[in-house]
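Single-structure report; data block below.
Rule-based calculations on the coordinates, nothing more; no lab input. The structure presented is a predicted model; accordingly, all values stated were derived computationally and were not measured.
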Amino acid sequence: MLTAWRLTTARFAKSAFSGEGARLYGGRWNRKGTALVYTAASQSLAMLEMLVQDEPLRARYVMIEVRLPKALTVDRIKIEDLPSDWRDIAAREKLQAIGTQWARKRGSAVLAVPSAVIPAETNYLLNPLHPDFRRIKISKPRRFETDLRWITAAGRNPASAGARPRRNET
C-alpha cells in the first residue's frame, strides 16, 4: 500500500478530498473546471508545497494520511517527459493541459508527478471523479504542528507573515 499526505487548513478538512478548490481556482496540474486533489509522498513535502502557495502558518493546518491500495493503477509522469521549463510559471498552461487531459480521460484515479519544489520527490494527483477513487483510504485529519524555528532561520518573521509565533493547533 502506498501512502500519501494532504496538508490543508482545518476549516477545509471536511472537503479536502472533493477537488472543489482545484476545480474553482485551477492549479499547477489542472485548469479551472477540473476537480483534482493534490497530495504528496511525505508530510514534509506536503508542507513545502503548501508553503510555496500560502503565507507561512497563517492558519491552523491538519495533515491527512491517504492510503492507495497496491492494486490501484497509478499513472506516472517522468521529468524527461516534461518541457525543459516545466518548473517555471511560464510552463503552467502546458502542465495544466497535461493534468486536465489525464483527469478527463479517467484512465486511473492517481497520477504521480514530480514536485516542482523538489523534483526528485513525488506528488500524487487524485481524481475524485474516477470510479476507483472510492478505493482510496482517507484517514481522519490530525493536528499539524511544526517547529517555527525554520521560519526565523529562513529570514522570515512569523509575525510579519500574519502568523503568531506559536505552534499550530486545531
Taking region 1-52, the whole-percent share of alpha-carbon pairs separated by over 17 angstrom is 38 percent
By the Kirkwood definition, with r running over pairs of different Cα atoms, region 44-115 has a hydrodynamic radius in Å of 14.6 Å
Excluding residues fewer than 8 positions from LYS105 in its own chain, the lysines with Cα under 25 Å of it are LYS32, LYS70, LYS78, LYS94, LYS137
For region 2-153 (alpha-carbon point model, no solvent) the Debye-based log₁₀ I(q)/I(0) at q = 0.13, 0.14 Å⁻¹ works out to -0.57, -0.66
